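The values are calculated or read from the model by the stated rules, or taken from the named source; none is laboratory data. These numbers were taken from a predicted model, which means no experiment stands behind them. Neighbour counts are summed over all protein chains in view; Cβ atoms, including those assigned to glycine, are modelled from backbone coordinates with ideal geometry. Just the protein is used for accessible areas: all its heavy atoms, side chains included, with ligands, DNA and RNA removed. Shrake-Rupley method; radii C 1.70, N 1.55, O 1.52, S 1.80 Å.
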Amino acid sequence: PVLSRDLRALGVAKRGGSYQLLEDQRVTPLGALKSLLRGTASAGANLVVVHCEPGAASAVARAVEAEEIAGLLGTVAGDDTVFVAVRDEGSGTRVRDRIETLL
């Protein structure tokens, strides 16, 4: 049991009868997705709305989260819209500023 826990912590899993090192999940950088971004809007002190091309919201949401902007709590992606939950208005401003530099 201890070995399994240690292997899991190292990112190792048993696949097809052998142990394999799992690759980190790949996230496309936000800058590489700039052609998919269409704009942002504030929706109160704790929510930023990011508009993007249809079908791109999931990739944009992951990229926004990978930016590790202070005060960003999480995202919810639809088809062409991402809701970004933030701790406070200042965090929302940081998120909007980062995205708007790419527009």
Check: Hey, how much of the P(r) for region 21-70 falls beyond 16 Å, as a percent of Cα pairs?
Finding: 46
Notebook entry, point to check: Which residues in region 53-78 place their backbone N less than 12 Å from a point set 7 Å from the Cα of residue 38 along the Cα-to-Cβ direction?
Noted result: 53-57
Check: Looking at region 28-103, which trypsin sites (Lys or Arg not before Pro) are in a loop (DSSP not H, G, I, E or B) and have at most 13 other Cβ atoms within 10 Å?
Finding: 87
Note to self: I'd like the carbon and sulfur percentage of the solvent accessible area for region 48-88, probe radius 1.4 Å, heavy atoms only, ligands and nucleic acids excluded.
What the structure shows: 50
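Please compute the per residue accessible area over region 32-103 with all protein chains in place, 1.4 Å probe, rounded to a whole number of Å². Each step should come with its number before you reach the end.
On the way: 3700 Å² over 72 residues.
It amounts to 51 Å² per residue over region 32-103.
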Next item on the list: Using θ = phi - 60° and the Karplus relation 6.51 cos²θ - 1.76 cosθ + 1.60, list the HN-Hα couplings for region 76-89 in order, rounded to whole Hz, with x at every Gly or Pro.
Entry: 10, 10, x, 8, 10, 9, 10, 9, 10, 7, 10, 5, 7, 4
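Sorted by packing (mean other beta-carbon atoms within 10 Å per residue), highest first, where do 75-83, 40-48 land?
Working: 75-83: 16.7, 40-48: 15.1.
Packing proxy ranking, top to bottom: 75-83, 40-48.
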Next item on the list: Could you tally the net charge around residue 57, taking each other residue with its Cβ under 12 Å from the Cβ of residue 57, Lys/Arg +1 and Asp/Glu -1?
Entry: -1
